[in-house]
Amino acid sequence: MASVANVPCILRPPKPLHHKVSSNNNFKFLCRQFIVHRNTGLVPSDTVACRCPRSPKRSSSTIICSAANKPSPSPEISSTAKIRSEVLTPFRTVRMFFYLAFIASGTLGGLIATTQLIAALTNPTKAAGILDMLKGLGIDIGAVSLFAFLYSRENNAKNAQLARLSREENLSNLKLRVDQKKVIPASSFRGIARLVICAGPASYIMESFRLSEPFTESLLERGVLVVPFATDGNLPSFEFEENEENKEITTKRKRLWQLAPAFVSEWSKWLDDQKKLAGVSSESPVYLSLRMDGRVRGSGVGYPPWNAFIAQLPPVKGIWSGLLDGMDGRVL
């Protein structure tokens, strides 16, 4: 929701309101809150005031309706992503618990060894045990350092996994246009197709389209569907040979390249976030290959390796389809 400025202003109704009410009834009124973007300049106010008469015989009073200027909350990891993370790594929470327990135990032992060492240094009669105390303190410090490192590594892996699952969830919510009348989310293709997103200028899309021509049938056999996303605002115009001889291959080519992004601003935001995380320039053309379950299996800068997709991906039909459905390669 947009915020407003800090100067209050009074909004008056266009006509006075006249109601016949008895002395025992309370006058009811509605104060509508107006929310206007700060760039419009229509209501430079952090609070909106509505002046309404309380009764026909009384003077008007001002009622202040507060519209707090609060920043939009930062995006959080959804519960779905957290559940998926627990399913994928069920023992991570147990490991992290034991790491914390060992850190606490080592810290307590180190404190006890430190107090004993201080007492021994101040008491000459206990000087013989100083060496053993130093060894015990060193072991405690080493144990705390080791388990702190293991906990930190586990926590970083957890955060990276949650961020990846959150990005995949955001990707699954992006909309795709199948035809002029049908717009569906990318998640609808889970278990049906392997999406390959080609993002770059229109010239990059056209060249990717040309390079994929020899592999059209093999890509469709493996359930590949291409999502061309022109980042320069120019729509690529695909040319198909409309004749009887190439009618079948033309139909397959249209099917391979039939999808198009809907709500381009959402796609641009998601793609920019991906490039920032990967350390890729915002102007670089990239491709992303998704698994059958919608997870990202591969990405890179440049043109998609169509021949590598054919070599790595199993067909979606035939005797090997059920056995190799999950053999889409490792997840990024």
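The table that follows gives values for the structure above.
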item: In the stretch 87-152, chymotrypsin sites (Phe, Trp or Tyr not before Pro) in a DSSP loop with at most 13 other beta-carbon atoms within 10 Å; result: Phe91
item: Cα gyration tensor shape for the stretch 225-283, rounded if a/c is under 1.5, else prolate or oblate; result: prolate
item: Calculated from backbone phi, Karplus (6.51, -1.76, 1.60) coupling profile of the stretch 221-235 in Hz, x at Gly/Pro; result: 4, 9, x, 7, 10, 9, 10, x, 10, 7, 8, 8, x, 8, 7
item: Principal axis box of the stretch 89-223, alpha-carbon based, largest edge first, Å; result: 91, 27, 26
item: Computed over the stretch 70-182: relative contact order in percent, which uses C-alpha pairs under 8 Å that are six or more apart; result: 39
item: Amide H contacts under 5 Å for Val227, placed H, 5+ residues apart; result: Val196, Ile197, Cys198
item: Value of relative contact order over the stretch 174-332, rounded to a whole percent, pairs C-alpha under 8 Å and six or more apart; result: 29
item: Among the listed pairs Lys175/Lys317; Lys181/Lys276; Lys181/Lys252, those beyond 30 Å (Cα-Cα); result: Lys181/Lys276
item: Whole-Hz ³J(HN,Hα) from phi, Karplus 6.51 cos²θ - 1.76 cosθ + 1.60, for the stretch 109-126, glycine and proline x; result: x, x, 5, 5, 5, 5, 5, 5, 5, 5, 5, 5, 5, 8, 10, x, 5, 9
item: When the stretch 169-255 is reduced to its Cα atoms, the Kirkwood hydrodynamic radius in Å; result: 14.2
item: Amide H partners (placed H, <5 Å) of Asp293, local residues excluded; result: Gly191
item: Within the stretch 186-247, GluC sites (Glu not before Pro) in DSSP loop having at most 16 other beta-carbon neighbours inside 10 Å; result: Glu239, Glu241, Glu242, Glu244, Glu245
item: Amide H within-cut-off set for Ala260, under 5 Å, with H built and near neighbours excluded; result: Arg177
item: Scattering curve values for the stretch 176-311, log₁₀ I(q)/I(0), Debye with Cα scatterers, q = 0.09, 0.11, 0.21 Å⁻¹; result: -0.25, -0.38, -1.48
item: Accessible area of the stretch 216-283 divided out per residue, in Å², using a probe of 1.4 angstrom; result: 62
item: Whichever aspartates and glutamates have a C-alpha closer than 12 Å to that of Lys158, once near sequence neighbours (fewer than 8 apart) are set aside; result: Glu86
item: Cβ-based net charge around Phe215, under 15 Å, with every Lys or Arg adding one and every Asp or Glu removing one; result: +2
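The values are calculated or read from the model by the stated rules, or taken from the named source; none is laboratory data. It should be emphasised that the depicted structure is a prediction, and the values quoted were computed from it without experimental measurement. Quick reminder, even Gly has a Cβ in these numbers, built from the backbone with ideal geometry, and neighbours come from all protein chains shown. We work out accessible area using only protein heavy atoms, side chains counted, and drop any ligands, DNA or RNA first. Shrake-Rupley method; radii C 1.70, N 1.55, O 1.52, S 1.80 Å.
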